[in-house]
Structure formats: C-alpha cells, structure tokens
1. Each residue of segment 76-88 in turn: what ³J(HN,Hα) in whole Hz from Karplus with 6.51, -1.76, 1.60 and θ = phi - 60°, glycine and Pro shown as x?
2. What FRET efficiency, computed as 1/(1 + (r/R0)^6) with R0 = 25 Å and r the Cβ-Cβ distance, is obtained for Val78 and Val13, rounded to the nearest 0.05?
3. Can you give me the relative contact order of the chain as a percent, contacts being Cα pairs under 8 Å and 6 or more apart?
4. Rank Asn16, Val78, Ala46 by how far each Cα sits towards the positive end of the charge dipole of the chain (+1 on Lys, Arg Cβ; -1 on Asp, Glu Cβ) and give me just the farthest.
5. With Rg/Rh (Cα atoms, Kirkwood Rh) in mind, check [x] 0.91; [y] 0.93; [z] 1.08 and report the label derived from this structure.
6. What is the extension gain from Val70 to Lys32, computed as 0.36 nm multiplied by their sequence separation minus the C-alpha to C-alpha distance, in nm to one decimal?
7. Taking all protein chains as present, what is the carbon and sulfur share of the accessible area of segment 35-78, in % to the nearest whole number, probe 1.4 Å?
8. To the nearest 10 degrees, how steeply does helix 57-69 sit against the main Cα axis of the chain, on a 0 to 90 scale?
Amino acid sequence: MNTINDTPSNLEVMNNIINSSWIAQCTCVITKLGIPDFLSSGSKSAYEIAKHTNCNEDSIYRIMRLLSEVGIFSYNEVNKFSLSDLGDVLRTD
C-alpha cells in the first residue's frame, strides 16, 4: 500500500525518465563498440577499453561509470571495470 511518503515527486519521476534515456543511449553505444565482449576476458581500465575501441578515454570512463551505477558493469578500487551478471546479457559471443 502506498503512503504519501512512498509516492515519488514529479521531479523524481521526470529525473527517472530523463536518466533512462541516457542509460539506454549509453548501453547502445557500449554494445555497438563491443565492450561487453571485450570485458568477458576480465577487468579492464578505461584506458584499455578506450584503446581497444579507438575512443576517447575520458568519454569511455564517464559512460562506464554511469553504467556501473545502474549495475551493468562493476567498478573496483583499482579503477577497473568488469562485466556484471546484468551486463553479461549484452555479450554477442
């Protein structure tokens, strides 16, 4: 049963709508670049991913951090990204 405290505000709903668009676009980009397949062999840094995909390292880092926040990738204390169980469904191999 929803109470007044459980109901998201219009601002929260709009933020979720906008963020879902960004997340979908970023997911499409990393999939087209083959990053889920590349990470299937183990954790990689943003530098390694950028080099492999011939992309800008800072841009890769930002996209990967965003997608780590929603559970598609994991980001560890040694600044490496790995594929999560959720992200594993994006692999083609």
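The values are calculated or read from the model by the stated rules, or taken from the named source; none is laboratory data. A quick note: this is a predicted structure, and the numbers were derived from the prediction, not measured. FYI the Cβ positions are ideal-geometry reconstructions off the backbone, even for glycines, and counts take in every protein chain you see. These accessible areas exclude ligands, DNA and RNA; they are computed on the full protein's heavy atoms, side chains included. Shrake-Rupley method; radii C 1.70, N 1.55, O 1.52, S 1.80 Å.
1. 10, 5, 9, 6, 10, 9, 9, 7, 8, 4, 5, x, 4
2. Working: r = 37 Å, r/R0 = 1.48.
The formula returns an efficiency of 0.10 here.
3. Numbers: 84 pairs, mean separation 26.6, N = 93.
Relative contact order, the chain: 29 percent.
4. So the residue furthest toward the plus end is Ala46.
5. Among [x] 0.91; [y] 0.93; [z] 1.08, the one calculated here is [z].
6. Details: separation 38, 0.36 × 38 = 13.68 nm, distance 1.88 nm.
Result for the pair: 11.8 nm of gain on full extension.
7. Numbers: 1150 of 2470 Å².
About 46 percent, which is the carbon plus sulfur part of the accessible surface.
8. It is inclined by approximately 40 degrees.
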